[in-house]
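To start, the structure itself, in structure tokens.
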């Protein structure tokens, strides 16, 4: 299944998510951050084809019928950390709807390379999280209007 980058970008625009995930270290109580790109869909063969060409980890999302009678299982293909950044760089020229989010992530996120983040750096990443969420919400509202 020869998937083009423009097709994949369109699929990500419609079915994907770009965010900066955060979690608290249980021992140190400090925040850590990780770029996260995911595509959720019920068509497992399509996600497997994307994974075969572009990597990522595939997970079972929501089980069908659990929330809505007759619904299908959903699956999630995920890229994290450096792999997420590499994936975003690859498809950035072709994305339309998520372009502002991707450009912001690529311009603002710098890997820490196992160096402890300063409070200033943590605050910058929290602000980046907020900006990405705001762009997602703006994009969602614009889509609903059309």
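Just so you know, all these numbers are worked out from the coordinates, no wet-lab data involved. Remember, predicted model here, so these are calculated numbers, not experimental data. Here the Cβ is made from the backbone with ideal geometry for all residues, glycine too, and neighbour counts use every protein chain on show.
Just a few scattered comments:
- Binning the alpha carbon pair distances of segment 10-51 at 10 angstrom intervals from zero yields the distribution 24, 37, 22, 16, 1, expressed in whole percent.
- Stretching residue 3 away from residue 49 to a fully extended chain increases their span by 15.8 nm, per 0.36 nm per residue minus the current alpha-carbon distance.
- Scattering profile of segment 5-145 at q = 0.10, 0.13, 0.17, 0.19 Å⁻¹ [log10 I(q)/I(0), Debye over alpha-carbon scatterers]: -0.38, -0.63, -1.01, -1.18
- Residues of segment 100-129 with amide N under 18 Å of the 7 Å Cα→Cβ point at residue 25: 110-126
- Length-normalised contact order for segment 5-145 - Cα pairs under 8 Å, 6+ apart - percent: 25
- A crude spin-label estimate for the pair residue 17 and residue 106, with each label 7 Å from Cα along the Cβ direction, gives 2.3 nm.
- Burial ranking of peptide ranges 21-29, 99-107, 115-123, 2-10 (average Cβ count within 10 Å, highest at the top): 99-107, 2-10, 115-123, 21-29
- The modelled label-to-label distance for the pair residue 71/residue 118, using points 7 Å beyond Cα in the direction of Cβ, is 4.6 nm.
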